[in-house]
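Input: a single structure, listed below in structure tokens.
The values are calculated or read from the model by the stated rules, or taken from the named source; none is laboratory data. This one's a predicted model, so the numbers in the text were calculated from it and none came from an experiment. Because the Cβ atoms are built from the backbone with ideal geometry, glycine has one as well, and the counts that use them run over all protein chains shown.
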Amino acid sequence: MTMAIQVGKRAGMWLNKAAQFLGSPVNRVSQIINGVGTAALVLMMLLTAADVTLRYLFNRPIVGSYELVQAMMAILVAFGLAYTGVHKGHITIDLITSKFSTRVRAFINSITWIISVGVFALIAWRSIWHAEGLKASGATTSALYIPLYPFVYVVAFGSAILCLVFIVELLNHLAQAVTKVRWWSQTGLLLGILLVAAVSTVPIWAGKLGWQISPSAAGLFGIVLLIVLLFSGMPIGIVMALVGLLGMAYITGVGPTLTTIGTSPYTTASLYGFSVIPLFVLMGFFCFYSRLTGGLYRTAYRWLGNLPGGLAIATIGACAGFAAVSGSSTACAATMGAVALPEMKRYNYDPALATGCTAAGGGLGILIPPSIILAIYGILTEQSIGKLFIAGFIPGILEAILFILVIYILCRRNPLMGPLGESSSLKAKIVSLKDTWSIIVLFLLVIGGIYAGVFTPTEAAGVGAFGAFVIALSMRQLGWKEFVDSLVETSKTTAMVFLILIGANIFGYFLAVSRLPAVMSDYASAMAVNRYIVLGCIILLYLFFGCIISSIALIILTVPILFPVITALGFDPIWFGIIIVMVVEIGQLTPPVGINVFVIQGVAKDVPMYTIFRGIVPFFVAELVLVALLVAFPQIATILPDMMR
């Protein structure tokens, strides 16, 4: 036993040295290429804004602008993956593994990172293979005749660097796993690695043993395996890619699977419609870092501060305003939390009410347009993003009104929860509106342009980001640091989303060949039950998984599976998108994930987590009421989109 411990210590020391030796250059390279990716992001914003301006004012659009945007998207995504991995930006679910001891976690993480390395090594290899094929065939874009293969090489290079990041993580966790452990733990690690190798090659050896199941049964088994692996702590995108690869290899064979994994990453990263994601995120970060939203809270307080719970009501109003330009609930909660919580503490507001309303108000960011979640839903379901944005407007306003009513009722019953604020004259109220002009202009520019048909939602994202940049620059609130921070955070968010999208695309191919969604939709439409019972089950499913999976990941995971069921039942896809975003938003507030709660707890470090969750309960009930209203009266979400036809 002593000998095993000594061997473990020595092995751990060498593994740590190897991780340090490899980690430093990998981190440096990831930082450099991420800088190239952010430069592509800036060019993409400028190109989109210039193209819209030239087309609308002079009827002279830039030829091939969409092809250039596609190329820049590939660079942005591919070169941001590794940097995001270095900074632990890819989404994982460690709900179960976090409960284990350090050594057990190291053991599990060693296995999961072996899988991660294997998946992205395969992606890098097959992407190079795909690039060579495009080079040999002379494939180019249709308008500018730009060769495609260099950008596929970019995806391959970015995947290879991310693979190296995963290898560094693997070495670190292996060092922890083999240091100061008994011989049976080291043996367990070896057996675990062998088990992973056996499971990963199931499609190859299972057929030789005569094991055969139907494609739809394989699809169902794949979903079960997906759910199990999600809780291993492995990045969600890699889990989806792994299950998709295994499933496709079983159903279609290894050859077609390798072809898919070579083409899918570039196809996903360079899709023109997906450019709406980084550009809207960039607009939100420009507003966040330049503090364009600072005047929202002061203006809302001028108008609403003299009501019971006036500061809390003003917080909801300011959150609604910030949501109109950010599209992110996390950014909304963080911004308003930093501004509003100190003020409410100064006026002796109940901590539960103060933190609860701020966390709930932050959730407005994924419903009031523009919304990143709605954009992703629209892309996945091939629905009009413009109509989805417009559909979210009335429900978002109703949600804000319900939150305000909750605060008013609570503070009327117990004035000590939210003491009355100072009254302001009509003149002071009107003067305060000058602090909100930038947000109003941006909102009208983006949503007004979409509604009027001046530009598409994808173009609106570029115009909005450029508009936020110009406004912040003209107000001298966007220095070099704020500009760089906005680009870096946008790059990290984009890479995080696209790793999931790449995995979802591969998983989607598996679902397609398994025909499971079609079987499920046929089964649902043939069920002798009211369709609203099925809808209720789907909503409950989202409420449950929303408690443990982040909103973006949950939408990408489930919509390709459940959307065919919804359409088979005859529900309006635009309306369903609003319903699902509402339910997912509730998950932002509920334990154990409750990301908005963690954001607020980070701002209000002196408030216990239990107090924040207690303060959220009334707002949770208000959100359930709104979901019920949307189910009972679909026109709430559909009336504005119907007017666009």
Subject >> Cross-chain or 6+ apart pairs with Cβ under 9 Å, region 388-399 first and in the same structural domain as T458 (by TED's automatic domain parsing), then surrounded by 24 or more Cβ atoms within 10 Å (Cβ to Cβ) and of a type in the set (S, T, N, Q) >> reply: L388/S371; F389/S371; G392/S371; G396/S371
Subject >> Residue in region 557-570 that is surrounded by fewer than 18 Cβ atoms within 10 Å (Cβ to Cβ), hydroxyl-bearing (S, T, Y) and either outside the structural domain of I316 (by TED's automatic domain parsing) or on the phi < 0 side of the Ramachandran plot (or both) present >> reply: yes
Original post:
Out of region 213-244, which residues are within 29 Å of C547 (Cβ to Cβ) and part of a loop (DSSP other than H, G, I, E, B)?
Top reply: F231, S232, G233, M234, P235
Original post:
Taking into account only those residues within region 229-249 that are hydrophobic (A, V, I, L, M, F, W, C) and more than 12 Å from T112 (Cβ to Cβ), which is surrounded by the fewest Cβ atoms within 10 Å (Cβ to Cβ)?
Top reply: L246
**OP:** Name every residue in region 147-205 that is modelled with pLDDT under 60, in a helix (DSSP H, G or I) and farther than 18 Å from T112 by Cα, in order of residue number.
**Re:** W183, W184, P203, I204, W205
Original post:
Quick check, is Y377 modelled with pLDDT of 90 or more, assigned by TED's automatic domain parsing to the domain that holds V617, among the hydroxyl-bearing types (S, T, Y) and crowded, with 21+ Cβ neighbours inside 10 Å?
Top reply: yes
Original post:
In region 245-300, which residues are outside any helix (DSSP H, G or I), hydrophobic (A, V, I, L, M, F, W, C) and within 15 Å of I439 (Cα to Cα)?
Top reply: L292
**OP:** Name the one entry in F443, F469, F403 that is in a helix (DSSP H, G or I), within 30 Å of the chain's Cα centre (by Cα), in contact (Cβ under 8 Å) with a residue 40 or more places away in the chain and within 19 Å of L41 (Cα to Cα).
**Re:** F469
Original post:
Within the bounds of region 56-66, is there any residue that is surrounded by fewer than 18 Cβ atoms within 10 Å (Cβ to Cβ) and touching an Asp or Glu at 6+ places or on another chain (Cβ under 9 Å)?
Top reply: yes
**OP:** Please indicate, with yes or no, whether at least one residue in region 565-581 is assigned to a helix (DSSP H, G or I) and among the hydroxyl-bearing types (S, T, Y).
**Re:** yes
Original post:
All but one of (1) over 16 Å from the mean Cα position of the chain (by Cα); (2) β-branched (V, I, T); (3) more than 30 Å from A452 (Cα to Cα) hold for V631; which doesn't?
Top reply: (3)
Subject >> Test: A71 is within 26 Å of the chain's Cα centre (by Cα), farther than 23 Å from G284 by Cβ and surrounded by 24 or more Cβ atoms within 10 Å (Cβ to Cβ) >> reply: no
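Residue-wise test of (1) in a helix (DSSP H, G or I); (2) in the same structural domain as M240 (by TED's automatic domain parsing); (3) modelled with pLDDT under 95.
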residue: W14; (1), (2), (3): yes, yes, yes
residue: A19; (1), (2), (3): yes, yes, yes
residue: A49; (1), (2), (3): yes, yes, yes
residue: M73; (1), (2), (3): yes, yes, no
residue: T92; (1), (2), (3): no, yes, yes
residue: F107; (1), (2), (3): yes, yes, yes
**OP:** Output the number of residues of region 507-556 satisfying the condition of being surrounded by 19 or more Cβ atoms within 10 Å (Cβ to Cβ), over 26 Å from the mean Cα position of the chain (by Cα) and part of a loop (DSSP other than H, G, I, E, B).
**Re:** 0
Subject >> Filter result for the condition that a residue is of a type in the set (A, V, I, L, M) and surrounded by fewer than 15 Cβ atoms within 10 Å (Cβ to Cβ), over A468, A452, A472, A461 >> reply: A452
Original post:
Could you say whether any residue in region 605-620 is part of a helix (DSSP H, G or I) and charged (D, E, K, R)?
Top reply: yes
**OP:** Filter region 347-374 for residues that are small (G, A, S), assigned to a helix (DSSP H, G or I) and buried (at least 24 other Cβ atoms within 10 Å of the Cβ) and give the result.
**Re:** A354, G356, A359, A360, G361, G362, G363, G365
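For (1) of a type in the set (A, V, I, L, M); (2) assigned by TED's automatic domain parsing to the domain that holds V254; (3) more than 30 Å from L230 (Cα to Cα), each residue gets a yes or a no:
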| position | (1), (2), (3) |
| --- | --- |
| G449 | no, no, yes |
| G453 | no, no, yes |
| T456 | no, no, yes |
| A461 | yes, no, yes |
| A468 | yes, no, yes |
| F483 | no, no, yes |
| T490 | no, no, no |
| I500 | yes, no, no |
| I506 | yes, no, no |
Original post:
Can you tell me which residues in region 372-400 are acidic (D, E) and within 22 Å of G361 (Cβ to Cβ)?
Top reply: E399
